[in-house]
Amino acid sequence: MLAHFWVAFAAFFAALLLGEWQMYIRSPLHDWIGNPELYYRSVTAHGSAMGYVFPTLVAMGFGYAIVELSLKQALVGKRWAWFGFFLLAAGVLIAMAPVSMGLSSVLYTFYPPLIGHPAYYIGIVLVVVGSWVWVALMSVNLHVWKKANPGVAVPLPMFANVAGAYLWAWTSLGAAIEILFMILPVALGFKTTIDAGLARVFFSWTLHAIVYFWLMPAYIAFYTLVPRAIGGRLYSDTMARISFVLFLVFSMPIGIHHLFQDPQVGSGIKFLHAVFTAMVSVPTLLTVFTITASVEIAGRLRGGRGALGWVKSLPWHNPMMLALAFSFILLGFGGAGGLINMSYQLDFAVHNTQWITGHFHLIFAGAIVIMYFALSYDLWPHLTGRGLHAGGLMKTQLWLWFVGMIILTFPWHVVGVMGMPRRMAYFDYSNPAIAPQAITVVLSFFGGLLLVISGLLFIIVLLRGHGGARVTLPEFRFSQPVHAVARVPLALNGFALWLALMIGLSVVNYGYPIGQLMALPQTSVPAVPVGGHP
C-alpha cells in the first residue's frame, strides 16, 4: 500500500512542477522559449502522470487498504498485487522515456492523426493491465469474503471500492481498444493511415468516465472517513450505496459530449449523451445531501443548536473537516461549469478554450485531489505504525491548495469566455487584441506557485510521519451509519443488476456511432508521426 502511495505522490509532485513551468513560460513573465515542442512535451508528461499514473495508484493503494481494514481479512493474492504494481511501474518508465526524449509530444489524449512513439503507448497499456490486476483482486477478495459471510451486508467501503474497480475495468476498454487495434499498428509501422473519427469515439468511451474513477476514492472518503473523523455518523448507508451504483450506471454512456464539435457523430447521439451527462448529477446531489446531513449530525452531537448553530460547533481545526469543506466548494464551482460543457448549445461558446482547463482542474485537481490528501493523512499512521503529529502543517497545506486552486482556475474561466484557446504554447501579449488577458495568466502562475508549495508541504508531512515515534493505534474504524445495518436489499449488496445496466447503456449509446463509422468506406486519413520516429 505504501509503495503504491509513494509512487503516486512522486508522479504527482513531478507533474505539479511541470504544470507550473508551463504556466510560467506561457505568461508575460518569461520570454518565448522559441521551441513549442518543449511545451507540448511537458504537457504530455504532466497530463499522463496526473491523469493515468497518480489517481490509478491512489485508487489501488486505497483499495488494498480497504480490503484489509473493512473486511478484516488478509489480502488474498498479495503476490499478484505486487505483480500488478511492478507492471504498472514498468509501464510508467517505458511510457515516459520517449516523452522525455521528445518522441511522443502528443498530449495525454489519444487523438489521431498525431501518433507518438510506440513505447509510449506500450507503456500506457502496461499501466492499464497492471490496474486490471487490481480489479481482479478486488473481485476475488469480495467473493472470498462473501463466501465466508453468506447473507451478510458487504461493508460500505468495500462495496464502493469494488464499484470503482468495475467502473474502471469497463471504461478503460475504450482507450485499450483504440491503442491496441488502431494506434499501435500505425506507431509500429504496419499502417500509414488511421480512422481519426472512430478513434476519437473510442477514446471518448474512456475520456469522461475516467473522471468518475478518479472520483471514487474521494467519494469513499466522503462517506466512510469524514463522519467518523469529525465525530459524527453517516446519515444513510442506503443512500451511499445508491450513489455508488448510480455512478456505475451513468458514468459510462456520456463521453461523446466531448465530441460536440466533431462532425463524424450525429446530433441525435450527441443529444442522448447530453441527457445522460445530466443524469450524473443525481448521485452527486445525493452525495452532497447525505454528507451535509452527516456533518450536521456531527455538529449537533458536539452541542450545536438552532438552524445553523451546528456549523459553528464543527471541528474546523480537524484537517478532514477542512478538506471536506474545500472539496465541496470546489466541486460546486466545477460542477456549475460542467453544466455549460454538457449543454449541446452552450458548449460551442467554450469548447477548446481555457474554460475547459479551468473546469477540469477544479474537479480533479481541486475537489478530488484535496480528498486524496485527507485520506492519506487519515491512513498514514495505520500504514506506517507511527504517529502523524503535524496538524498545523496539514491545515496550512490544505488552505494553500484551496486558495491556489481558486487563483489558478478562476482566471482560466474568464479568459475562456474571452476566447483564449487552451493548449497554446505561446501568446504575443503585445498584441492589443489579447493584451488584457496577460494579467489573468500571471494570476494563474501565482496560483500554481501556491499549489507547488502546498504539494511540497504534503510530501514533508508524510515523510515526517515515517520518522515519527512508533505508536500503539486503536483498531481502524470506518464511519458508522445512524442506524446499524444488518441486511441490505440484494440489489445493493451485489453488482449483477448494475453491471448489466452499465453495459447495456454503453452498448445503446456507443453501439450506433461505432457501428456506423466502422461501416463507412474511406474514412481513414494519413497518420502524422510526432518527434521524427518512423
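The values are calculated or read from the model by the stated rules, or taken from the named source; none is laboratory data. Model, not experiment: these values are computed from the prediction. Ideal geometry is used to build each Cβ from the backbone, glycine not excepted, and the neighbour counts take in all protein chains shown.
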task: For the stretch 410-467, name all the residues that are among the polar types (S, T, N, Q) and surrounded by fewer than 17 Cβ atoms within 10 Å (Cβ to Cβ).
output: SER430, ASN431
query: When you go through ALA425, ALA500, ALA469 one by one, which is the residue that is over 30 Å from HIS389 (Cα atoms) and at pLDDT below 95?
result: ALA425
- prompt: Only one of (1) closer than 30 Å to TRP401 by Cα; (2) basic (Lys, Arg); (3) loosely packed, with under 13 Cβ neighbours inside 10 Å fails for ARG487. Which number is that?
  reply: (1)
- prompt: Of all residues in the stretch 468-484, which are surrounded by 15 or more Cβ atoms within 10 Å (Cβ to Cβ) and over 26 Å from GLY232 (Cβ atoms)?
  reply: GLY468
query: Which one of GLN522, GLN480, GLN437 is polar (S, T, N, Q) and without any contact (Cβ under 8 Å) to a residue 12 or more places away in the chain?
result: GLN522
- prompt: When you scan the stretch 87-140, how many residues do you find that are among the β-branched types (Val, Ile, Thr) and over 25 Å from TYR166 (Cβ atoms)?
  reply: 5
message: Checking the structure you have, find out if any residue of the stretch 25-44 is within 18 Å of the chain's Cα centre (by Cα) and either farther than 23 Å from LEU375 by Cβ or surrounded by fewer than 17 Cβ atoms within 10 Å (Cβ to Cβ) (or both).
response: yes
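To keep it simple, each residue is scored yes or no on (1) in contact (Cβ under 8 Å) with a residue 12 or more places away in the chain; (2) under 24 Å from TYR377 (Cα atoms).
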| site | (1), (2) |
| --- | --- |
| THR290 | yes, yes |
| ILE297 | yes, yes |
| GLY306 | no, no |
| VAL311 | yes, yes |
| HIS317 | yes, yes |
| PHE328 | yes, yes |
| GLY334 | yes, no |
| ILE340 | yes, no |
- line: The condition from (1) over 24 Å from GLY91 (Cα atoms); (2) assigned to a loop (DSSP other than H, G, I, E, B) that PHE190 misses is numbered (1)
- prompt: Do you know which residues across the stretch 225-263 are among the hydroxyl-bearing types (Ser, Thr, Tyr), over 20 Å from THR56 (Cβ atoms) and buried (at least 24 other Cβ atoms within 10 Å of the Cβ)?
  reply: SER243
message: Out of GLY19, GLY51, I need the residue that is in contact (Cβ under 8 Å) with a residue 12 or more places away in the chain, touching a helix residue (DSSP H, G or I) at 6+ places or on another chain (Cβ under 6 Å) and of a type in the set (Gly, Ala, Ser). Which one?
response: GLY19
statement: Output for Cβ contacts, cut-off 6 Å, separation at least six or different chains, first residue touching a residue at least 12 places away in the same chain (Cβ under 8 Å) in the stretch 166-192, second surrounded by fewer than 18 Cβ atoms within 10 Å (Cβ to Cβ) and not in a helix (DSSP H, G or I), reads GLY189/PRO534
Residue among ALA136, ALA163 that is of a type in the set (A, V, I, L, M, F, W, C), surrounded by 19 or more Cβ atoms within 10 Å (Cβ to Cβ) and either in contact (Cβ under 8 Å) with a residue 12 or more places away in the chain or part of a helix (DSSP H, G or I) (or both): ALA163
message: Need pairs with beta-carbon distance below 6 Å; first residue over 9 Å from ARG200 (Cβ atoms) and within the stretch 253-266, second part of a helix (DSSP H, G or I) and of a type in the set (Gly, Ala, Ser); sequence gap 6+ or separate chains.
response: PRO253/SER506; GLY255/SER204; ILE256/SER204; HIS257/ALA274
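So, PHE190, is that one surrounded by fewer than 21 Cβ atoms within 10 Å (Cβ to Cβ) and either of a type in the set (Ser, Thr, Tyr) or over 16 Å from THR56 (Cα atoms) (or both) or not?
Spelling it out, PHE190 is indeed surrounded by fewer than 21 Cβ atoms within 10 Å (Cβ to Cβ) and either of a type in the set (Ser, Thr, Tyr) or over 16 Å from THR56 (Cα atoms) (or both).
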message: Every residue in the stretch 66-88 that is under 16 Å from LEU383 (Cα atoms), surrounded by 15 or more Cβ atoms within 10 Å (Cβ to Cβ) and not small (Gly, Ala, Ser), please.
response: ILE66, VAL67, GLU68, LEU69, LEU75
task: List the number of the failed condition for HIS351; all other conditions in (1) more than 19 Å from TYR212 (Cβ to Cβ); (2) surrounded by fewer than 21 Cβ atoms within 10 Å (Cβ to Cβ); (3) at pLDDT 95 or above hold.
output: (3)
